[in-house]
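Accompanying notes for the structure given below.
Every number in this text was worked out from the coordinates using simple rules, so none of it is lab data. On a predicted model such as this, the values are computed, not experimentally measured, just so you know. Positions of Cβ are generated from backbone atoms using ideal geometry, with glycine treated the same way; all protein chains shown enter the neighbour counts.
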Amino acid sequence: MGMSTWNEPGFAAGNIFACLALLLPFSGTALAQDNATASSSLRIELNKIEASGESCRTYFLIDNQKGENWKSLKLDLFALDTDGVAVKRLAVEVGPVPRRKTLIKLFDFPGLNCSRFGRVLLNDVLTCEGATSSREECLSVIETASKIDAVSFVK
């Protein structure tokens with residue numbers, strides 16, 4: 001007697017169900033991890049830029065509607081000009097950010113003309129206290145966005 005294929009009468013469907021039953025606990029763990037990351041996400045949007053003397057003032061909207069309290073969150077930002085050249089580096093503290101709160105934070109990039117502003121890069125997280133346990137985890141749960149068509153905000 002040879003091996004049965006899936007569409008022959010002797011096929012053992014029980015083997016497939018046994019394999020699926022073994023994999024089921026692992027899929028739940030992966031889904032729980034994805035949900036934990038999604039639930040602790042922090043959205044930071046470059047909302048507006050404007051000239052302020054010799055500086056370019058940036059307005060960041062910090063949306064923490066899904067996450068936990070962030071006691072401190074210090075970001076390493078780079079401003080890139082319209083040619084893609086890094087022209088200014090800025091370390092900014094956006095915390096504290098309370099749970100279920102949306103905030104606006106203003107930061108000036110000194111000596112940078114807004115008309116030459118091409119992109120803001122979230123280069124790294126320098127300090128992170130609160131919602132996650134490490135700087136790397138903090139960086140991974142931050143979502144970036146820009147309301148300004150000509151200036152993107154990326155990580």
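Please state the charge dipole magnitude for region 40-154, taken about the Cα centre, from unit charges on C-beta atoms (+1 on K and R, -1 on D and E), reported in debye and rounded to the nearest 20. Kindly include the intermediate steps, with their values, before the conclusion.
Numbers: 16 positive and 16 negative charges, 68 e Å.
It comes to approximately 320 debye.
How much net charge surrounds residue 155 when only other residues with a Cβ under 10 Å from its Cβ are counted (Lys, Arg +1; Asp, Glu -1)? Please list the in-between numbers first.
On the way: positive: none; negative: 124, 143.
Cβ neighbours under 10 Å give a net charge of -2.
Show me 67-74, 111-118 ranked by packing, highest mean number of other Cβ atoms within 10 Å first.
Details: 67-74: 17.9, 111-118: 15.2.
Taking the mean over residues of other Cβ atoms within 10 Å, the ranking is 67-74, 111-118.
Near residue 138, within a Cβ-to-Cβ distance under 15 Å, what is the net charge of the other residues, with Lys and Arg +1 and Asp and Glu -1? Please report the intermediate quantities before stating the final value.
Values: positive: 43, 66, 71, 74, 135, 155; negative: 68, 76, 93, 124, 129, 136, 137, 143.
That sum, taken over residues with Cβ under 15 Å, equals -2.
Around residue 77, under 12 Å between beta carbons, what's the net of Lys plus Arg minus Asp minus Glu among the other residues?
Taking every other residue near residue 77 into account, the sum is +2.
Could you tell me, in Å, what Rg and Dmax come out for the Cα atoms of region 40-154?
13.6, 39
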